[in-house]
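One structure below.
The values are calculated or read from the model by the stated rules, or taken from the named source; none is laboratory data. On a predicted model such as this, the values are computed, not experimentally measured, just so you know. FYI the Cβ positions are ideal-geometry reconstructions off the backbone, even for glycines, and counts take in every protein chain you see. Side chains are part of the model used for accessible areas, which takes the heavy atoms of the whole protein and leaves out ligands, DNA and RNA. Shrake-Rupley method; radii C 1.70, N 1.55, O 1.52, S 1.80 Å.
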Amino acid sequence: MLGGSKGFNTNRASSSMVSGSRISTLLLSMFATFASIYVSGRLWQESQNRVYLIKELDRITGQGQSAISVDDTLKIIACREQQKKLSALETELAAAKQGGFTSKLLTENDGAHAKKRHLVVIGIMTRFGNKNNRDAVRKAWMGTGAMLKKMENEKGIVARFVIGKSANPGDNLDRGIDNENRQSNDFIILDDLVEGTEDLPKKARLFFAYAADKWDAEFYAKVNDNIYVTIDALGTALAAHFDKPRAYIGCMKSGQVFSEPSHKWYEPDWWKFGDKKSYFRHASGEMYVISRALAKFVSINRSILRTYAHDDVSAGSWFLGLNVLHVDEGKFCCSSWSSGAICSGV
């Protein structure tokens, strides 16, 4: 009996150990399963967060409602430019393999025809009642119809008149511009701008943003509708600055800041310019040019770039804190005509 009892106890102990081992294995398996599910869930959540942040960045920057820093903005521009260049090189390499290694600067493809990047997009600031000025510009240097298209295709120069909307939408002023545009097809009509002399800084900002979004060009230029532009001289001058990714080109000046409200050139923010009341260096508003990266910068930050009383001072302020090359080019001094000048008064 004692021997039988001892054997029974031994079997029961062995059974208990086996049962305990199975329970431990089961618990470890359950723990490993839960841990795997947890880790997988966290990784999935992280990936979803990254996708969400990327989509939000694209949405915000695409709508021009960015509140990101200047450094981050320039990084975004640089990344996009590098992506475009890589795509262009891949396209060129593929074309070269099939077509005898002919070098071409290709930047986009619409599925049927490769398009070259434009040299410059020129925005000609105009107003209601300035039709005579516009006709003079068309006759002097801009051209119409086939001539305007030829300038775009052969010289890579796009020129458009820029105007806002009337304070009374759909009135005779708006209808007059619409009728003129149907005949000439050479306007950029800014729906978000009420036309007025006090809105010139906003008009310049909206033009650069619109043009940078619509056309891919090396440069973007602002010019007044009473200025004569020598197209060939402009092309030659800009060709010398292809290697400058952040160039701000024009007839650089400073000028006095007027604090008297009754003065014609009154600056409401005069107190921001110090005791000497002198503006920082900026390009004359008659005509100036900015490079593609700067136009993209304006487009991305259009909602947070502030303006001053004058459009040329406002443009200068946008680039003051950036790593921008200010090119003081005498050929852009339109008020003083000289041999080789790019612009002059009509």
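Only residues that are open to solvent by less than 10 Å² (accessible area, probe 1.4 Å) and over 25 Å from Ser317 (Cα atoms) were counted in the stretch 178-228, giving 1. Residues that are open to solvent by less than 20 Å² (accessible area, probe 1.4 Å) and touching a Cys at 6+ places or on another chain (Cβ under 7 Å) were ranked within the stretch 313-334; the one that is nearest to Glu286 (Cα to Cα) is Cys334. Taking residues in the stretch 228-243 that are closer than 23 Å to Asp135 by Cβ, and partners anywhere that are open to solvent by less than 60 Å² (accessible area, probe 1.4 Å) and not in a helix (DSSP H, G or I), the pairs with Cβ atoms closer than 6 Å and at least 6 places apart or on different chains are Tyr228/Ser344; Val229/Cys343; Thr230/Ile342; Ala233/Ile342; Leu234/Ile342. Among the residues of the stretch 294-315, those identified as of a type in the set (A, V, I, L, M) and either in a helix (DSSP H, G or I) or modelled with pLDDT of 90 or more (or both) are Leu294, Ala295, Val298, Ile300, Ile304, Leu305, Val313, Ala315. Screening Val324 on (1) out of contact with any Ser or Thr (no Cβ under 7 Å at 6 or more places or on another chain); (2) of a type in the set (Val, Ile, Thr); (3) under 17 Å from Asn224 (Cα atoms) shows it passes everything except condition (3). For Lys296, the requirement of being touching a helix residue (DSSP H, G or I) at 6+ places or on another chain (Cβ under 7 Å) and open to solvent by 50 Å² or more (accessible area, probe 1.4 Å) is not met. Which residues, taken from the stretch 250-273, are out of contact with any strand residue (DSSP E or B) (no Cβ under 9 Å at 6 or more places or on another chain) and surrounded by fewer than 17 Cβ atoms within 10 Å (Cβ to Cβ)? Scanning the stretch 250-273 gives Pro261, Ser262, His263, Pro268, Asp269, Trp271, Lys272. Between Ala247, Ala309, the distinction of being open to solvent by 20 Å² or more (accessible area, probe 1.4 Å), of a type in the set (A, V, I, L, M) and touching a helix residue (DSSP H, G or I) at 6+ places or on another chain (Cβ under 9 Å) belongs to Ala309 only. Residues in the stretch 316-346 that are part of a strand (DSSP E or B) and at pLDDT 90 or above: Leu325, His326, Val327, Asp328.
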